[in-house]
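Below you'll find the structure, written out as structure tokens, and then a few comments.
No value in this document is a laboratory result; all are computed from the given coordinates. Just so you know, these numbers come straight off a predicted model, no measurement behind them. Every residue, glycine among them, receives a Cβ derived from its backbone with ideal geometry; neighbour counts consider all protein chains shown.
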Amino acid sequence: MTDKKTESLQEATPELGRRRFFNTTALVGLAGLAACTEKPASGGAPAASAPAAGSHGAANASHLKPGELDTYYGLWSGGHTGDMRVLGLPSGRELLRIPCFVPDALVGWGHTNESKKIMGTKADGNLRYSVGDTHHTHASYKDGNYDGRYAWINDKINSRIARIRLDYFVCDKITQLPNVQGFHGIFPDKRDPVDPAINYTTRVFCGGEFSIPLPNAGTDDAKQYHSLFSCVDAETMELRWQVMIDGNCDLVATSYDGKLAATNQYNTEMGAKYEDMMSAERDACVFFNIARIEEAVKAGKFKTIGSSKVPVVDGTRAANGDAKSALTAYVSVPKNPHGVNASPDQKYFICAGKLSPTATVIELSKVLEWFDGKLEKLDGAIAAEVELGLGPLHTAFDGRGNAYTTLFLDSQVVKWNVDKAIAFHKGDKNAKYVVDRIDVHYQPGHINASQSETVAADGKYLAVGCKFSKDRFLPVGPLHAENEQLIDISGEKMVLMADHPVRGEPHDFIIFKRELLKPKQVYNLDDFPLAVKDPKESGVTRNGKKVTVKMTSQAPAFSLREFKVKKGDEVTLILTNLDKVEDLTHGFAIPGHNVNFIVNPQETASVTFTAGDPGVYWCYCTHFCHALHLEMRTRMIVEA
Ligand code: K7E
Ligand code: CUA
Ligand code: CA
């Protein structure tokens with residue numbers, strides 16, 4: 001306890017003894033970076049402001065009165081809980097967790113037949129996977145802004161992409177990417193590269209981070225490894241094509257004109273060992289010419305890998321030296337970059353340095369010029385490469401020309417002006433591109449501003465995903481909450497508004513105006529092929545050892561008071577909730593049979609299980625629904 005006290009005291013002093021300590025430990029092993037710690041950031045950086053200084057007025061905005069609604073939705077990746085989370089902002093209240101890749105006990109995800117079908121099963125009917133690792137979530141676009149149709153989220157462990165319907169906030173499809181390991185970055189396109197009538201999302205791009213032998217026959221010669229950049233159809237969720245590249249894919253960004261997608265690479269060295277991945281001074285941000293890739297696929301200029309039928313085009317450096325026919329373009333950026341983000345003025349992609357204390361601003365019109373053979377050197381597309389501080393990871397925007405980049409090692413957010421950074425890079429050493437810095441608590445990864453990656457960036461709120469919360473919340477044993485901090489960016493200076501503890505371990509998120517979504521609270525009965533539309537259809541039908549039990553729920557009763565099956569029967573129970581009232585959800589649990597799931601208003605769900613030992617099993621409603629909720633039961637009578 002004394003230690004903790006001393007640490008807090010140190011934290012309160014301006015020289016931040018513990019922060020320095022943490023930086024030093026984080027730097028161990030990052031050869032070449034240690035030297036940077038002594039260098040002050042250039043660009044006329046103002047001194048770091050004290051935590052929460054002057055946050056009085058703004059802090060009130062995040063404290064909503066009882067009954068007050070938030071003005072923004074936030075969609076958060078849950079990390080290795082495998083879910084997507086829905087937050088209300090500015091309050092930071094968690095409203096929902098949407099299970100995708102990992103079973104969920106509240107709703108019965110991974111237990112109902114419907115959710116198992118989406119998640120994928122083995123031949124024996126059990127789930128293929130019950131772990132996941134979600135990092136990035138992005139939503140569908142129309143006219144450069146979110147249209148409220150879908151969101152997508154990645155599973156890094158098993159290279160799966162899940163789609164979430166934003167009308168019901170449920171995962172409706174999951175696709176596994178063939179020949180990809182470590183599927184990391186994900187971004188939908190914002191319009192079609194050729195057809196001007198398609199000004200909305202039709203493709204989702206997925207970056208494969210870990211290079212592997214293709215096909216994966218297990219050679220240990222890393223020089224033969226490659227990564228694939230995949231394109232998934234937004235509607236069918238089928239793979240459209242893949243591009244084989246040199247190096248790896250990390251994060252993904254897409255241009256507003258639909259013509260370009262890009263991924264940053266930290267391992268152009270193609271090292272299989274950690275040391276080897278940091279040997280080169282510069283890595284790359286790889287651009288993909290979408291229209292050309294699709295022409296190549298149409299022209300049959302592709303191969304397939306292993307048992308996959310997905311067309312794979314060649315995007316390696318060797319095959320793409322001629323700008324006029326190139327499918328890819330490798331813009332160089334300082335070593336081991338991280339996030340790549342598209343500015344809302346539609347002009348730039350910004351690649352954060354990670355091991356380099358810089359951000360690289362890449363001008364999209366110049367990349368297109370290079371593809372047209374009008375720019376001699378591809379690196380001529382680099383509009384700026386400026387120093388920001390230590391460990392830059394991800395960047396957000398306010399729509400007023402400023403960028404906000406997280407500095408992982410400095411535990412800060414730096415606000416900088418993109419035009420001034422370009423001027424500074426061009427030689428105007430008086431251009432003060434750093435506008436402000438603010439301490440965050442601690443070690444921030446992702447950052448995003450309200451509406452940041454849309455044409456409607458509104459510069460109101462900035463959320464920062466801090467990877468360590470340390471002393472910011474009551475201690476709860478060894479596993480700390482993470483700290484999502486909210487910052488007011490409406491003024492010149494950033495103002496820290498609130499700390500929000502979150503269960504580990506979110507990465508990326510998006511924040512958008514609540515008007516952009518029109519969620520529904522009651523399902524449509526006809527959307528479920530198995531729906532039991534009338535309580536009179538309830539009953540038990542037998543086909544050998546296979547038994548189907550149909551039932552409905554209407555508060556406070558199930559349509560069957562009891563049902564009989566035999567020991568060892570394969571029972572499929574179908575339950576339709578006929579209640580039409582908003583917020584009237586029922587649950588259905590069977591003791592001893594590992595069954596529990598919910599049915600929302602007008603929803604149908606089913607489970608299949610083997611009837612156990614003879615006896616009486618009280619099936620009961622698990623979801624509080626009525627004054628007689630406890631009485632809402634039915635008996636499963638298992639006969640010998
Ligand atoms: Cu920076 Cu997976 Cu987006 Cu996490 S990655 S922080
Ligand atoms: Cu139905 Cu509780
Ligand atoms: Ca590298």
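Brief remarks follow.
- Positive minus negative residues near Phe473 (Lys, Arg vs Asp, Glu; Cβ under 11 Å): -1
- Here each label is just a point 7 Å from Cα along the line to Cβ, and for Glu492 and Leu630 those points are 6.4 nm apart.
- Distance between the 7 Å Cα→Cβ label points at Lys567 and Val194: 6.7 nm.
- Positive end of the dipole of region 559-640 (Cβ unit charges, origin at the Cα centre): among Met636, Gly615, Phe563, the Cα lying farthest that way belongs to Gly615.
- For a straight C-alpha distance cut-off of 17 angstrom, the aspartates and glutamates reachable from Lys460 (same-chain residues fewer than eight places away being disregarded) are Asp70, Asp345, Asp398, Asp436, Glu484, Asp488, Glu492, Asp499, Glu515.
- Farthest towards the positive end of the charge dipole of the chain, among the residues Ala342, Ala531, His394, is the Cα of Ala531, using unit charges on the Cβ of Lys, Arg, Asp and Glu.
- Cα-centred dipole magnitude for region 71-176, charges only on beta-carbon of K, R (+1) and D, E (-1), debye, nearest 20: 160 debye
- The dipole here belongs to the chain: it is taken about the Cα centre, uses +1 on the Cβ of Lys and Arg and -1 on the Cβ of Asp and Glu, and is about 940 debye.
- The length gained on full extension between Glu515 and Gln224, counted as 0.36 nm times the residue separation minus their Cα-Cα distance, comes to 99.8 nm.
- For the chain, a/c is not less than 1.5, where a ≥ b ≥ c are the root eigenvalues of the C-alpha gyration tensor, and a/b tops b/c. That puts it in the prolate class.
- Within region 525-639, DSSP assigns beta bridges of which about 65% are antiparallel (rounded to the nearest 5).
- Counting only lysines at least 8 places from Lys309 when in the same chain, those with an alpha carbon closer than 27 Å to its own are Lys116, Lys117, Lys122, Lys156, Lys173, Lys190, Lys223, Lys259, Lys298, Lys301.
- With R₀ set to 56 Å, the beta-carbon distance separating Arg542 from His63 gives a calculated FRET efficiency near 0.45.
- Global form of region 499-542, assessed from the alpha-carbon gyration tensor, a/c cut-off 1.5: prolate
- For Arg561, neighbours were defined as the other residues whose beta-carbon sits under 12 Å from its Cβ, and their charges (Lys and Arg +1, Asp and Glu -1) total +1.
- Cα lying deepest toward the dipole's positive end in the chain, options Asn154, Met494, Val435, charges on Cβ: Asn154
- Summed residue charge, Cβ within 11 Å of Cys621's Cβ, Lys/Arg positive, Asp/Glu negative: 0
- Compared with the alpha-carbon gap, the fully stretched path from Val581 to Arg317 is longer by 89.1 nm at 0.36 nm per residue.
- Principal-axis tilt of helix 2-12 within the chain, Cα atoms, nearest 10 degrees: 50 degrees
- Assigned charges on the beta-carbon of Lys, Arg, Asp, Glu; region 199-380 dipole about Cα centre (debye): 300 debye
- Inter-probe distance in nm under a simple model that places probes 7 Å from Cα toward Cβ, at Thr236 and Asp527: 2.3 nm
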